[in-house]
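Reviewing the structure listed below.
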Amino acid sequence: MIPGTFVYHRPGTVQEAVALLADHGEEARPLAGGHSLIPMMKLRMAAPEHLVDLRGIGALKTIAEDGGDIVIGAAVTQAQAIASDLLAARLPIIRGTALQIADPQIRYLGTLGGNVANGDPGNDMPAVMQCLGARYVAEGPDGVREIPAAEFYLGPYATALAPAEILTAIRVPAPPAGHGWAYEKLKRKVGDYATAAAAVVLTLAAGKVATCAIALTNLGPTPLLANAAAAGLVGSNLAPADVKAAADAAKAITDPAGDGRGPPAYRREMAGVMVARALTRAAQRAANGA
Amino acid sequence: MTDQIPISITVNGRSVRRFVDPRLLLIHFLREDLGLTGAHIGCETSHCGACTVDLDGMSVKSCTMFAAQADGATITTIEGMANPDGTLSVLQESFRQMHGLQCGYCTPGMIMRASVLLRENPDPTDDEVRQGIAGNLCRCTGYQNIVKAVRHAAAVINGRPSQEAAE
Ligand SMILES: Cc1cc2nc3c(=O)[nH]c(=O)nc-3n(C[C@H](O)[C@H](O)[C@H](O)COP(=O)(O)OP(=O)(O)OC[C@H]3O[C@@H](n4cnc5c(N)ncnc54)[C@H](O)[C@@H]3O)c2cc1C
Ligand code: FES
Ligand code: FES
């Protein structure tokens, strides 16, 4: 399994990287952790002629607070996210999700930017970012723009990113202290993509749901924001009937493929189970203030 | 054809400079260019962990990285794990004593991964060892004795009597 030939570039700044991508057009691809791209190159499902390695760009590797946002550099690795005290305190769902991705070796190299830019519906971070209302910061030849995670995914491996654009950071509005969160992922084994997974971020006020977001992984051609399911819960106290109604509403928007993980009907059923578990777990965490 | 590029890497304490094809995978560089055949190729698909090496203190699967990406890095492979006098390191000796291997194919990857795990978490529980080596597959042992070997090594390193006995 040998990838095709390519020219290797290692720019030191975002501007150099953008210029290289602009020069080489569709034939060039950014390389971050390489743990989605290199396997695809080995299978010759991807054969870029130019690889623009982002690892020399220090500016992409920081995690910081900026106003009400937590700003995560695109080249921050999953291992770095797991070890970050700032993320543990302010965005625990990111740590909780990163720990469910692949295995330790892959998490040392795999980046958050690569995970969300890849566009594989099996990637776990996109649904979490949608749930958090994150915006992706993209820099291209025409300047910098922000793209809401909710509008980024167009289809399998198709995103709103233009060929010469680089994702430089993910901006996440910090949820209020005491919010509840959960990422519930059903998988066959370590290192497997989700059979079905659900992300939930909610806040409670006097025992009732004040705000709620639900998103789903690997249950359609893109990550799915289950807005109707979430809206139906506002004002409820998450009684079993409320949770079931939300799970049913979420199941209704899924369109899973049948593969080794199971036929579509099974995966849709599991979507409901994951949503119910995630709501229950998030509510417990909110109530405990954890 | 694309041009070869220069890389300089420290491998097991030795500094190495070479020209490589950009598409050369790190595992092939280690095995074929440097003759270090301790890191194994099991799956070639980033699943089995037999190719795990220590790169700047991280465990990485060298089948899923280009040698070019390792430019400037410090790498340790299983060949660099023995004590300077040639005797087995604590972790290697623990695998021997606890029967942490049968065919041995996964062992270089297991030991390289376990050494980073113990650096980050010097006294892991059984569960933490299992989570920590979740990216390394073994077709022979059923993992019991591998977990014991890692915990035994932790006990020796921490100067505690070991609770472990091989099964
Ligand atoms: C065995 C195995 C199991 C895995 N299991 C999971 C799993 O359970 N869940 C999961 O979510 N992922 C999983 N992954 C994928 C892993 O998390 C990848 O690391 C991640 O999807 C991509 O991140 P990367 O940094 O490796 O990106 P790369 O592979 O380097 O890049 C991926 C894609 O994104 C583009 N890209 C990368 N960075 C940028 C940027 N800054 N701007 C624009 N484009 C960019 C690249 O051009 C490429 O198209 C698994 C991988 C393996 C090998
Ligand atoms: S050969 Fe690298 S993970 Fe199996
Ligand atoms: S000892 Fe044979 S694969 Fe682990």
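At-a-glance table
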{"item": "Subset of the range B:125-142 (residues that are in contact (Cβ under 8 Å) with a residue 12 or more places away in the chain and more than 12 Å from chain A (Cβ to nearest Cβ))", "result": "B:Asp126, B:Cys138, B:Arg139, B:Cys140, B:Thr141"}
{"item": "Any chance A:Met1 is more than 8 Å from every other protein chain (Cβ to nearest Cβ), assigned to a loop (DSSP other than H, G, I, E, B) and open to solvent by 50 Å² or more (accessible area, probe 1.4 Å)", "result": "no"}
{"item": "Residues within the range A:80-105 that are open to solvent by 30 Å² or more (accessible area, probe 1.4 Å) and in contact (Cβ under 8 Å) with a residue 12 or more places away in the chain, tallied", "result": "7"}
{"item": "The range B:23-58, subset touching a residue at least 24 places away in the same chain (Cβ under 8 Å) and β-branched (Val, Ile, Thr), residue nearest to the other protein chains (Cβ to nearest Cβ)", "result": "B:Thr52"}
{"item": "Selected residue (only one of B:Met81, B:Met112, B:Met98 is within 13 Å of chain A (Cβ to nearest Cβ), surrounded by 14 or more Cβ atoms within 10 Å (Cβ to Cβ) and aliphatic (A, V, I, L, M))", "result": "B:Met112"}
{"item": "Odd one out for A:Pro141, checked against (1) within 25 Å of A:Cys212 (Cα to Cα); (2) open to solvent by 30 Å² or more (accessible area, probe 1.4 Å); (3) of a type outside the set (Gly, Ala, Ser); (4) touching a residue at least 24 places away in the same chain (Cβ under 8 Å)", "result": "(1)"}
{"item": "Qualifying residue in the range A:31-48 (condition: surrounded by fewer than 24 Cβ atoms within 10 Å (Cβ to Cβ), among the charged types (D, E, K, R) and not assigned by TED's automatic domain parsing to the domain that holds A:Val137)", "result": "yes"}
{"item": "Residue selected from the range A:23-58 under the condition more than 10 Å from chain B (Cβ to nearest Cβ), touching a strand residue (DSSP E or B) at 6+ places or on another chain (Cβ under 8 Å) and in a loop (DSSP other than H, G, I, E, B), by the criterion farthest from A:Val116 (Cα to Cα)", "result": "A:Pro48"}
{"item": "Checking A:Lys61 against (1) within 20 Å of A:Leu161 (Cβ to Cβ); (2) free of Cβ contacts under 8 Å to residues at least 60 places away in the same chain; (3) away from every other protein chain (no Cβ under 14 Å); (4) not aliphatic (A, V, I, L, M), the condition it does not meet", "result": "(3)"}
{"item": "Tally of residues being outside any strand (DSSP E or B), more than 14 Å from chain B (Cβ to nearest Cβ) and either near ligand 1 (Cβ under 9 Å from one of its atoms) or surrounded by fewer than 19 Cβ atoms within 10 Å (Cβ to Cβ) (or both) across the range A:151-206", "result": "14"}
{"item": "Residue in the range A:73-85 that is more than 14 Å from chain B (Cβ to nearest Cβ) and farther than 22 Å from A:Arg107 by Cβ present", "result": "no"}
{"item": "Residue in the range B:50-58 that is surrounded by 17 or more Cβ atoms within 10 Å (Cβ to Cβ), within 16 Å of ligand 1 (Cβ to nearest atom) and more than 27 Å from A:Val7 (Cα to Cα) present", "result": "yes"}
{"item": "Failed criterion for B:Arg17 (all others in (1) of a type outside the set (Gly, Ala, Ser); (2) in a loop (DSSP other than H, G, I, E, B); (3) open to solvent by 30 Å² or more (accessible area, probe 1.4 Å) hold)", "result": "(2)"}
{"item": "Among (1) open to solvent by less than 10 Å² (accessible area, probe 1.4 Å); (2) more than 10 Å from every other protein chain (Cβ to nearest Cβ), the one test that B:Lys61 misses", "result": "(2)"}
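The rows are residues; the columns are (1) farther than 17 Å from A:Leu60 by Cα; (2) of a type in the set (A, V, I, L, M); (3) within 15 Å of the chain's Cα centre (by Cα).
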| site | (1), (2), (3) |
| --- | --- |
| A:Val116 | no, yes, yes |
| A:Ala127 | yes, yes, yes |
| A:Ile147 | yes, yes, yes |
| A:Ala150 | yes, yes, yes |
| A:Leu167 | no, yes, yes |
| A:Pro175 | yes, no, no |
| A:Trp181 | yes, no, yes |
| A:Lys187 | yes, no, no |
| A:Asp192 | yes, no, no |
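The values are calculated or read from the model by the stated rules, or taken from the named source; none is laboratory data. Just so it is clear, the structure is predicted and the values come from calculations on it, not from any experiment. Ideal geometry is used to build each Cβ from the backbone, glycine not excepted, and the neighbour counts take in all protein chains shown. Side chains are part of the model used for accessible areas, which takes the heavy atoms of the whole protein and leaves out ligands, DNA and RNA. Shrake-Rupley method; radii C 1.70, N 1.55, O 1.52, S 1.80 Å.
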